[in-house]
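S.K.: Okay, handing you the structure first.
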Amino acid sequence: MAKVFQATHVGKIRRNNEDSLTVIEPQTFVVADGMGGAQAGEVASQLLVEVVKIVLAEIPAPWDEKILSRAILAANEKILDTARQNAEYRGMGTTATILSLNGAQGYFAHVGDSRLYLLRSGTLRQLTEDHSYVETLVRRGELSAEAARTHPMKNVLTQAVGAMDDIQVDAGNFPVQGGDIFLLCTDGLTNMVDDATIAKILQTAENPADVLIDAALAAGGRDNVTVIVAGVD
Ligand code: CA
């Protein structure tokens, strides 16, 4: 079993919180970061969470990466349909990062620039790749990771759920060990707080979710910030 902490905060600048999150039993965690004008971003991330819950409720656990991907694809259809039927929602979309733990195995599915991290033996590793324009440049060797952190096009995604008909869901599985700590988060955390600070908080805080949010706010809180931390016994 995993000990779970979760928190979300609108931040210090924005009026709306367009992030959504949910914990689904057994041991399944979802974060989504919506985008779009007016209230559309909130609608997109909430639809993502709702559809994932509905799809998983129809399938007995454990939920492997294929099932998690199927849930994201179903949400893609639903968000596209909703946007087609409501002009004010046109162009909305959301990230989606899902982790499901089943004993010694973990499964994930992912679209966008929210992130899944694993802290193991004191080392923090990002298990997902950002689907962002700047990350594409970094992978091609055209931009340094350091320059990517402050690039003006940092927010441009190459993929988002509900923003296009064909999305490629990244998905996979990996072995889980006792003592592993998983973090799912939106970019409101990772744009404000560096990996070393995140790792330290995960290792030392009694309630790491609240302390991560506090760190993002202390650094300026320029965006909505959402975290789920799952520590494996
Ligand atoms: Ca965000």
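The values are calculated or read from the model by the stated rules, or taken from the named source; none is laboratory data. Keep in mind the model is a prediction, meaning the values are calculated, not measured. Don't worry about glycine lacking a Cβ; one is built from the backbone with ideal geometry, like all the others, and counts go over all protein chains shown. Side chains are part of the model used for accessible areas, which takes the heavy atoms of the whole protein and leaves out ligands, DNA and RNA. Shrake-Rupley method; radii C 1.70, N 1.55, O 1.52, S 1.80 Å.
S.K.: Within segment 191-198, can one find any residue that is touching a His at 6+ places or on another chain (Cβ under 9 Å) and within 15 Å of the ligand (Cβ to nearest atom)?
M.R.: no
S.K.: Also, I was wondering about something else. Which residue out of A196, A160 is of a type outside the set (F, W, Y) and more than 24 Å from A40 (Cα to Cα)?
M.R.: The unique qualifying residue is A196.
S.K.: Since V10 meets every condition but one in (1) farther than 16 Å from A109 by Cα; (2) touching a Lys or Arg at 6+ places or on another chain (Cβ under 8 Å); (3) not acidic (D, E), which condition does it not meet?
M.R.: V10 satisfies all of (1) farther than 16 Å from A109 by Cα; (2) touching a Lys or Arg at 6+ places or on another chain (Cβ under 8 Å); (3) not acidic (D, E) except (2).
S.K.: With the requirement that a residue be away from the ligand (no atom under 16 Å from the Cβ) and either of a type in the set (V, I, T) or under 17 Å from A109 (Cα atoms) (or both), what does segment 26-38 give you?
M.R.: P26, Q27, T28, F29
S.K.: A follow-up question, please. Quick one: would you say G220 is of a type outside the set (V, I, T) and buried (at least 20 other Cβ atoms within 10 Å of the Cβ)?
M.R.: No; evaluated as a whole, the condition is false for this residue.
S.K.: Let me ask something else. What number goes with the only condition from (1) surrounded by fewer than 16 Cβ atoms within 10 Å (Cβ to Cβ); (2) within 16 Å of the ligand (Cβ to nearest atom); (3) at positive phi that N155 does not pass?
M.R.: (3)
S.K.: Report the residue count in segment 207-223 for those that are in contact (Cβ under 8 Å) with a residue 12 or more places away in the chain and out of contact with any strand residue (DSSP E or B) (no Cβ under 7 Å at 6 or more places or on another chain).
M.R.: Residues meeting the conditions: 6.
S.K.: Follow-up question, since we're still on this one. Please name all residue pairs, on different chains or six or more residues apart, with Cβ atoms under 6 Å, provided the first residue is in segment 27-44 and is at negative phi and the second residue is charged (D, E, K, R) and surrounded by 24 or more Cβ atoms within 10 Å (Cβ to Cβ).
M.R.: Sorted first by the residue in segment 27-44, then by its partner, the pairs are D33/D19; G34/E18; G41/E18; E42/E18.
S.K.: Pick out the one residue from T204, T226, T128, T186 that is free of Cβ contacts under 8 Å to residues at least 24 places away in the same chain and either within 16 Å of the ligand (Cβ to nearest atom) or open to solvent by 30 Å² or more (accessible area, probe 1.4 Å) (or both).
M.R.: Every option except T204 fails the conditions.
S.K.: For residues that are farther than 26 Å from V10 by Cβ and touching a Leu at 6+ places or on another chain (Cβ under 8 Å), scanning just segment 173-183, find the one that is least open to solvent (accessible area, probe 1.4 Å).
M.R.: D180
S.K.: Could I ask something else about it? Taking the conditions exactly as written (away from the ligand (no atom under 16 Å from the Cβ), touching a residue at least 40 places away in the same chain (Cβ under 8 Å) and touching a Lys or Arg at 6+ places or on another chain (Cβ under 8 Å)), does L47 satisfy them or not?
M.R.: Taking the combined requirement at face value, the residue satisfies it.
S.K.: Of all residues in segment 27-59, which are assigned to a helix (DSSP H, G or I), open to solvent by less than 30 Å² (accessible area, probe 1.4 Å) and either touching a Leu at 6+ places or on another chain (Cβ under 6 Å) or of a type in the set (G, A, S) (or both)?
M.R.: Answer for segment 27-59, where residues must be assigned to a helix (DSSP H, G or I), open to solvent by less than 30 Å² (accessible area, probe 1.4 Å) and either touching a Leu at 6+ places or on another chain (Cβ under 6 Å) or of a type in the set (G, A, S) (or both): A40, G41, A44, S45.
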